[in-house]
1. Out of 8, 49, which single residue is assigned to a loop (DSSP other than H, G, I, E, B) and surrounded by 11 or more Cβ atoms within 10 Å (Cβ to Cβ)?
2. For the range 52-65, enumerate the residues that are of a type in the set (Val, Ile, Thr) and either within 10 Å of the chain's Cα centre (by Cα) or surrounded by 11 or more Cβ atoms within 10 Å (Cβ to Cβ) (or both).
3. Looking at the range 19-34, can you tell me whether even one residue there is surrounded by 11 or more Cβ atoms within 10 Å (Cβ to Cβ), more than 13 Å from the chain's Cα centre (by Cα) and not in a helix (DSSP H, G or I)?
4. Looking at the structure I just gave you, is residue 14 loosely packed, with under 14 Cβ neighbours inside 10 Å, in a helix (DSSP H, G or I) and without any contact (Cβ under 8 Å) to a residue 40 or more places away in the chain?
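No lab work stands behind these numbers, since they all come straight from the coordinates. Computed from a predicted structure; not experimentally measured. Every residue, glycine among them, receives a Cβ derived from its backbone with ideal geometry; neighbour counts consider all protein chains shown.
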Amino acid sequence: MKVSELSMALLDAVRVKSAEFHLKLGNPVLAIKELEQLPKDARHHPWAMRVFVCAFHTARSYQRTFAEA
């Protein structure tokens with residue numbers, strides 16, 4: 001990948017970082033909502049994709065845990 005493909009606008013990076021913090025606080029749904037506000041090109045950035053996958057799997061895990069209880 002080229003450097004230009006890996007770069008991200010500052011405001012988009014702040015949004016991804018905010019999503020990471022939501023995950024650390026145990027709020028995967030808020031993390032996903034934060035990532036959904038990114039422009040399409042930023043959503044496909046490797047960092048944003050990793051955070052989204054983690055948030056999705058965490059939310060799904062929570063859903064299964066509470067469904068079984």
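1. Working: 49 fails: assigned to a loop (DSSP other than H, G, I, E, B).
Residue meeting the stated conditions: 8.
2. Initial filter on the range 52-65 (of a type in the set (Val, Ile, Thr)): 53, 58, 65.
Matches in the range 52-65: 53, 58.
3. Filtering the range 19-34 down to residues surrounded by 11 or more Cβ atoms within 10 Å (Cβ to Cβ) leaves 19-23, 27-34.
Imposing the further condition that a residue be more than 13 Å from the chain's Cα centre (by Cα) reduces the set to none.
No, that holds for no residue.
4. Details: loosely packed, with under 14 Cβ neighbours inside 10 Å: yes; in a helix (DSSP H, G or I): yes; without any contact (Cβ under 8 Å) to a residue 40 or more places away in the chain: yes.
Criteria met by residue 14.
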